[in-house]
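**Student:** The following block contains the structure, expressed as structure tokens.
Throughout, read-outs are computed from the coordinates displayed, never taken from laboratory work. Treat the numbers as computed from the prediction; the structure is a model and nothing was measured. Cβ: placed from backbone, ideal geometry, glycine included. Neighbour counts: every protein chain shown.
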Amino acid sequence: MTTIVLVRKNNEVVVAGDGQVSMGNTVVKSTASKVRKIEKRDVVAGFAGSTADALTLFERLEAKIEKHAGNLSRAAVELAKDWRTDKYLRRLEALMAIGDKENSYIISGTGDVLEPEGDVIGIGSGGNYALAAGKVLMGTDMSAEDVAKKAIEVASEICVFTNNNIKVEKI
């Protein structure tokens with residue numbers, strides 16, 4: 001359970017996530033990092049799901065991006081296909097929010113590669129709260145990073161599986 005928000009505003013792309021790791025109703029860690037930047041290709045990603053699954057999927061995403069020469073659209077589709085058809089990967093239940101300067105996607109283990117309307121994506125247990133807050137804040141003069149951080153803060157006040165230890169990556 002987690003909250004990830006991706007915001008694109010004023011030529012910036014920011015992904016932010018909370019730091020809470022829960023097992024059932026117990027908080028195990030409050031300072032986890034669920035966002036990552038793929039430096040070589042200017043891609044940011046956030047993950048909602050277990051840590052081991054996140055690391056596996058981030059590595060696969062990075063390999064797909066390299067294989068397809070930085071084409072995020074193609075890499076996202078190929079990752080989703082692998083995720084759905086690979087015997088090991090298809091058991092991973094998670095969501096990823098990824099973006100580069102041109103595109104933003106939600107990728108799921110069921111094979112979905114969604115390009116949401118608008119410039120805000122929210123996933124995870126508090127994703128809908130962060131999405132709603134982010135959409136409202138897009139109409140202000142706040143930067144993309146400030147919108148993302150505030151959206152996570154709002155979600156953390158509503159969702160018990162989200163805290164306000166926010167990690168941010170941007171391009």
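**Student:** Where Lys and Arg each count +1 and Asp and Glu each count -1, what net charge lies around N164 among other residues with Cβ under 12 Å from its Cβ?
**Tutor:** Residues close to N164 contribute a combined charge of 0.
**Student:** A further question on this structure: Can you work out the Karplus-derived ³J(HN,Hα) for every residue in the range 150-163? Use 6.51 cos²θ - 1.76 cosθ + 1.60 with θ = phi - 60°, whole Hz, and x for glycine or proline.
**Tutor:** So the Karplus estimates, Gly and Pro as x, are 5, 4, 5, 4, 4, 4, 5, 7, 10, 9, 6, 9, 10, 10 Hz.
**Student:** Now a separate question. Whole-Hz ³J(HN,Hα) for each residue in the range 107-115, computed from phi via Karplus 6.51 cos²θ - 1.76 cosθ + 1.60 with θ = phi - 60°, x for glycine and proline: what do you get?
**Tutor:** 10, 10, x, 8, x, 7, 10, 9, 10
**Student:** For F47, what is the net charge nearby, where nearby means another residue's Cβ is under 11 Å from its Cβ and Lys, Arg count +1, Asp, Glu -1?
**Tutor:** Neighbour charge sum, excluding F47 itself: +1.
**Student:** Points 7 angstrom from Cα along the Cβ direction at M142 and N11: gap in nanometres?
**Tutor:** 2.3 nm
**Student:** Report, in listed order, any pair from K64/K135; K9/K40; K87/K135 with a Cα-Cα distance greater than 26 Å. Can you show the working numbers first?
**Tutor:** Working: K64/K135 30 Å; K9/K40 22 Å; K87/K135 37 Å.
From the list (K64/K135; K9/K40; K87/K135), the Cα-Cα distance tops 26 Å for K64/K135; K87/K135.
**Student:** In the set (i) 1.01; (ii) 1.27; (iii) 0.95, which value of Cα Rg over 2.2 N^0.38 Å was calculated from the structure you see?
**Tutor:** Computing Cα Rg over 2.2 N^0.38 Å and matching it to (i) 1.01; (ii) 1.27; (iii) 0.95 gives (iii).
**Student:** Another one. Which translational diffusion coefficient, to the nearest whole µm²/s, is obtained for the range 21-99 from the Stokes-Einstein equation, given a Kirkwood hydrodynamic radius over C-alpha pairs, 10 °C and 1.306 mPa s?
**Tutor:** On the way: Rh = 13.3 Å.
D, rounded to a whole number, is 120 µm²/s.
**Student:** Pop a pseudo-label 7 angstrom from the Cα along the beta-carbon direction at both N71 and S50 and give the gap in nm to one decimal.
**Tutor:** The modelled label-to-label distance comes out at 3.4 nm.
**Student:** Using helices alone, I'd like the mean residue ellipticity at 222 nm for the chain: each DSSP H run of four-plus residues gives -39500 (n - 2.57), total over residue count, nearest 500.
**Tutor:** Per the formula, -11000 deg cm²/dmol.
**Student:** Quick one: if you stick a label point 7 Å off each Cα along the C-beta vector at V28 and K135, how many nm between them?
**Tutor:** Once both label points are built, they end up 3.3 nm from each other.
**Student:** Can you tell me the dipole magnitude for the range 80-140 around its Cα centre, using point charges on the Cβ only (Lys, Arg +1; Asp, Glu -1), in Debye to the nearest 20?
**Tutor:** 280 debye
**Student:** Step through the residues of the range 93-101 one at a time and calculate ³J(HN,Hα) from phi using the Karplus curve (6.51 cos²θ - 1.76 cosθ + 1.60, θ = phi - 60°), rounding each to whole Hz and writing x for Gly and Pro.
**Tutor:** With coefficients 6.51, -1.76 and 1.60, one gets 9, 6, 9, 10, 10, 10, x, 10, 5 Hz.
**Student:** Moving on to the next point. Output the pairs from K81/K101; K29/K67; K29/K149 with a Cα-Cα distance over 31 Å in this structure; if there are none, say none.
**Tutor:** K29/K67
**Student:** Which whole-angstrom value gives the distance between the alpha carbon centres of the range 1-63 and the range 127-170?
**Tutor:** One Cα centre to the other: 14 Å.
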